[in-house]
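K.L.:
Mind having a look at this structure? Questions to follow.
Each reported figure results from applying straightforward, stated rules to the coordinates on display, with no laboratory input. Everything quoted here is computed from the prediction, not taken from an experiment. Positions of Cβ are backbone-derived with ideal geometry, glycine not excepted, and every protein chain shown enters the neighbour counts.
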Amino acid sequence: MSEDGKDLDDDGAAPGLRKIIHVDMDAFYASVEQRDEPELRGKPVAVGGDGPRGVLTTCSYEARKFGCRSAMPSATAKRLCPDLIFRRPRFAVYSAVSRQIREIFLEYTPLVEPLSLDEAFLDVTEDSHGIGSATRIAELIRARIRAETGLTASAGVSYNKFLAKLASDQNKPDGLCLIRPGEGAAFVATLPVRRFFGIGPRGAEKMAALGIETGADLAARDIDFLRRHFGLQADYLYRAARGIDLRRVKANRARKSLGAERTFDKDISSGSALREVLERIITITWERIEKSETQGRTVTLKLKHADFSNLTRARSLPRPVASRAELATIGHTLLDEVLPLAQPVRLMGLILSHLDGEEAVSPPPVGGAAQLPLL
C-alpha cells in the first residue's frame with residue numbers, strides 16, 4: 001500500500017501512476033507440444049533440433065529441473081537429461097495460439113504491446129469493462145487462457161513496465177505477483193542484478209567485480225559512477241535500481257528487424273558454399289519483408305564461428321532497400337568483404353533493420369544480453 005492509501009486494486013490509480021500487466025506464457029512452445037501430445041505431459045520436453053548442431057528453442061519445466069534451458073546446445077541438454085524428448089518447432093501452430101491469446105487481451109484493453117509470441121504488456125488503467133482492479137483483470141485473463149487454450153500463463157501487475165515484467169517471473173509457473181505503488185524500490189533492492197532485463201552474464205560479472213550483486217548495491221552507486229563504468233546504459237540502470245520506468249505501453253509496437261538464419265550440420269568455410277546458402281537466406285528474408293509490408297535501410301550479415309564467436313558486417317542506405325536484387329547485392333558484397341574466412345562458420349544470417357516506423361534505438365544491453373528493448 002502506498003502512503004496515500006491507493007493501490008492497484010482501487011478505482012483510480014495514484015496521480016501519475018498506471019496499471020500495467022505483463023503476461024508471460026509458461027514454457028510456451030513446449031507447453032503447446034505437451035497439450036497436443038498428452039503422452040508428453042509430465043515428461044522433459046525440448047523444442048528444437050536434436051542433431052549435432054541443434055539448439056534448444058525452449059524446454060518444459062520438467063527438463064529445466066535437470067539444468068536444461070533455452071539457447072543451450074542440444075548435445076549439452078541430452079547429457080544433462082538423457083530422457084529428454086525433442087520436438088521440432090511448429091511456428092505456425094504457436095502463432096495461431098498467440099493470436100488466440102492476444103484476442104483475449106484485447107477484450108480487456110486496446111493498449112496491448114506484444115514483445116513476442118508468448119508475452120505482452122497490457123495497460124489497464126482504463127479497462128474496457130470498468131473492472132478497475134488490475135489484479136482482478138490479470139486473474140480473469142489467466143483463467144480465460146487456461147480455459148480456451150489449455151495452457152498456463154504467469155502475470156505480473158504493477159505501476160510500470162519494468163516492475164510488471166519482473167513480477168511476472170517471480171512466481172512462475174502459473175503464478176501471479178503484485179507490486180503496489182510504494183513497493184517498487186524495496187522489491188528491486190532484494191533482487192540479484194542478473195534478474196534485471198538487459199543485464200547478461202558478462203554484465204553481471206562486470207558488476208560483481210565492482211561489488212554490485214543486488215538492486216540495493218546498484219542503487220547505492222551514484223549516476224557519475226554508473227556513467228564511468230556503463231556509459232549509455234547508466235541512466236537505465238540508475239532508474240531500474242529505484243523501480244522507475246516512465247515508458248508507456250504502446251499498441252502495435254513496431255518490429256525492429258526482419259531476417260533469417262541457418263545453422264549448418266557441418267562447419268562451412270568454402271566461399272562458393274556460403275554464397276549458395278546466402279542466396280536461400282536472401283529469398284526467405286525477402287519473402288518475410290514482402291509479407292510484413294515494411295521497408296528497411298540497414299542490411300547486416302551475421303556469421304557464427306564454431307567457437308560461437310560472432311562476425312558481423314553491415315551496410316546502411318539513405319533510403320529503404322528497394323528490391324530482392326538490391327538486398328542480394330548488398331548481402332553478397334558483405335560476404336565478399338570477409339572472404340576468405342579465417343575459420344569455418346556454423347551459422348549464417350541476414351537481417352534487415354532500421355525499419356519504417358522504428359523508434360530510437362535503446363542503449364546496448366549490459367554484457368551482451370538478449371537484443372530486446374530495455375526496460
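K.L.:
When a/c is below 1.5 the answer is rounded, else prolate if a/b is larger than b/c, else oblate, so apply that to segment 185-240 with a ≥ b ≥ c taken from the square roots of the Cα gyration tensor eigenvalues.
P.N.:
Rounded.
K.L.:
Right, here's the next one. If r is the Cβ-Cβ distance from Lys43 to Ser116 and R0 is 25 Å, what FRET efficiency results, to the nearest 0.05?
P.N.:
Computed FRET efficiency for Lys43 and Ser116: 0.50.
K.L.:
Now a separate question. Check each of the GluC sites (Glu not before Pro) in segment 166-221 and keep only those in coil by DSSP with at most 15 other C-beta atoms within 10 angstrom; list them in order.
P.N.:
Passing both the DSSP loop test and the Cβ count: Glu213.
K.L.:
Return the FRET efficiency for the residue pair Lys250, Asp307: r is the Cβ-Cβ distance, R0 is 41 Å, and the value is rounded to the nearest 0.05.
P.N.:
Calculated transfer efficiency: 0.60.
K.L.:
Considering the dipole of the chain built from charges on the beta carbon (Lys and Arg +1, Asp and Glu -1) around the Cα centre, which of Ser128, Ser272, Phe162 is farthest to its positive end?
P.N.:
Of the candidates, Ser272 comes out farthest on the positive side.
K.L.:
Please give, to one decimal in nm, the separation of the simple spin-label points placed at Ser272 and Leu317, each 7 Å out from Cα toward the Cβ.
P.N.:
Those two pseudo-labels are separated by 3.0 nm.
K.L.:
Say we join alpha carbon atoms closer than 10 Å with springs in a Gaussian network model of the chain; which of Pro173, Pro114, Pro82 then has the biggest fluctuation?
P.N.:
Among Pro173, Pro114, Pro82, the largest mean-square fluctuation in the Gaussian network model of the chain belongs to Pro82.
K.L.:
Which of Gly349, Gly156, Gly271 moves the most in a Gaussian network model of the chain with Cα springs under 10 Å?
P.N.:
Gly271
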